[in-house]
1. Limited to region 271-309, what total is found for residues that are surrounded by fewer than 17 Cβ atoms within 10 Å (Cβ to Cβ), under 30 Å from residue 210 (Cβ atoms) and modelled with pLDDT under 80?
2. Quick check: anything in region 427-444 within 30 Å of residue 224 (Cα to Cα), of a type outside the set (D, E, K, R) and at pLDDT below 85?
3. Name every residue in region 63-79 that is at pLDDT below 85 and not in a loop (DSSP other than H, G, I, E, B), in order of residue number.
4. Is at least one residue of region 2-10 farther than 29 Å from residue 165 by Cα and at pLDDT below 85?
5. Under 8 Å by Cβ, and 6 or more places apart or on different chains, what pairs join a residue from region 388-413 that is among the polar types (S, T, N, Q) and surrounded by 16 or more Cβ atoms within 10 Å (Cβ to Cβ) with one that is assigned to a strand (DSSP E or B) and modelled with pLDDT of 85 or more?
6. Could you tell me whether region 68-77 includes any residue that is hydrophobic (A, V, I, L, M, F, W, C) and without any contact (Cβ under 8 Å) to a residue 40 or more places away in the chain?
7. Of 71, 105, 89, 83, which residue is surrounded by fewer than 17 Cβ atoms within 10 Å (Cβ to Cβ) and either within 28 Å of the chain's Cα centre (by Cα) or within 19 Å of residue 121 (Cβ to Cβ) (or both)?
8. All but one of (1) of a type outside the set (Val, Ile, Thr); (2) at pLDDT 80 or above; (3) surrounded by 15 or more Cβ atoms within 10 Å (Cβ to Cβ) hold for residue 181; state the number of the condition that does not hold.
Amino acid sequence: MELSLGRIRERRAAAPRHGSAGLRARPSPSRAPVLIEAGTLADKSRPEELAKFEACRAWAQTAGGEAWVIAADLVPPRWFRNAIQLHLARLDYRGDPALAAAIRARWERGRASIEDLVREHADHPRPEVVAAARKVMGDLLAEGRLDLDLATVVPTLATMVRARPRDRGILEPPGVVRDPEELVRLAAERGRTDLPEDGEAEPKPDVDPESIEDPEARDEFERRRAAMRAILEGATAAAAARANGLEERRAQQLWNAYDQHGARALVPYATRRASCRTMPPPVVSAIEEVYARPERPSLEAVVDHPAVRQAAIDAGMRRTPSRYQVSKAVGDLLRRDQKAREARAGRKLVPLALSGRAVTAEQVPGLVCEFDEATLDVKVQALSGGRTTVRMHIGVLIDVATRYPLSVVVSPKALDQWDLRRAVIRAMLDDSALRLEHGIREDSPWA
């Protein structure tokens, strides 16, 4: 890569000035110019890209050089990762140049591993030898003389390395294409290998929007499908997401899922909801029984509990319940079962609807208080168009005699003894400053 950049700089120095007729650049006396285009086969095989490549190639030939196309699809990912790491090792090296020169001379003579070099240069610290060796490997790779297949090997301290003899020529990086006809042929072959054997793309199952019961989920599905159609028509993922009220960061994820699974991947929570509906009742009962135990196990403990696993095996489930399935079952349990909420909170929460407001003590202000609980579902719509529902738990400490609220606490989870403690402390604090700030008079019922 560095040699090519150097040649490009020379090509720029030899390029004609604005206003000159034609391309009259002369080849450099030391190095011929090299023009490099990078992209995918599908992109670089388009007619306009081929015309650009032909023009670059013609200019480079008149200047005594050549033009390349680096096709990213032909570069193995392992080779790319290894090359990047070795290139960074060159940039970060701050060690002794003499040590690097000695290692280079050793690899010029024959193969040796970095472990061998550490033993041969025992007078240098091990980290310095390793850093110098990786720097030399990066230099050899840039020169095309690293005699090691980075596409199949991950270099370690035990990997045998040597410098390629100069009389055998240099090793070019993978993905280099010099001929436009070869570029078109490779793009056609890659296009055929991406299709099934019959030559046609595998059909993806479609989804009828009317089959989605939840109106919000149906609307989300319609917007996602419209975004996918916009991408198919040539729009970018970010532009399609903005036009249909979706999050830009989710657009590419949705496209990848749609490309693999079809329209069913666009149904919000389709897979998760189906998996929860098919969970057998005995397994749900086992989850509820374990979760409501006095030791208050976590969701992870419920997932791994032997009773839950055994219930899944007895019910014929192919897999044990996931954490998401357990959380859904637990959420349903807490919404409908007062005893389960009491067990998880560690205290008894007696709803007033069941016990009434019978107070045996004398009804005087400030003598007896009660703690009422309620929930409030808040529907939130983000600026990007996404919607969600947040359930807030509200607790109010009320004076029984006067029915005046003393304090309010709000929590996104089920209220527990700590929320009650917060409510009591807030009721006991001096609120004179708050009453003055909000203009509450002494004769007001809220005072």
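The values are calculated or read from the model by the stated rules, or taken from the named source; none is laboratory data. On a predicted model such as this, the values are computed, not experimentally measured, just so you know. Virtual Cβ from ideal backbone geometry, glycine too; neighbours counted across all protein chains shown.
1. 7
2. No, region 427-444 contains no residue that is within 30 Å of residue 224 (Cα to Cα), of a type outside the set (D, E, K, R) and at pLDDT below 85.
3. 66, 67, 68, 69, 70, 71, 72, 73, 74, 77, 78
4. No.
5. Once the first residue is among the polar types (S, T, N, Q) and surrounded by 16 or more Cβ atoms within 10 Å (Cβ to Cβ) and sits in region 388-413, its partners that are assigned to a strand (DSSP E or B) and modelled with pLDDT of 85 or more give 407/396; 407/397.
6. No - not one qualifying residue is present in region 68-77.
7. On the way: 71 fails: surrounded by fewer than 17 Cβ atoms within 10 Å (Cβ to Cβ); 89 fails: surrounded by fewer than 17 Cβ atoms within 10 Å (Cβ to Cβ); 83 fails: surrounded by fewer than 17 Cβ atoms within 10 Å (Cβ to Cβ).
The unique qualifying residue is 105.
8. Residue 181 satisfies all of (1) of a type outside the set (Val, Ile, Thr); (2) at pLDDT 80 or above; (3) surrounded by 15 or more Cβ atoms within 10 Å (Cβ to Cβ) except (3).
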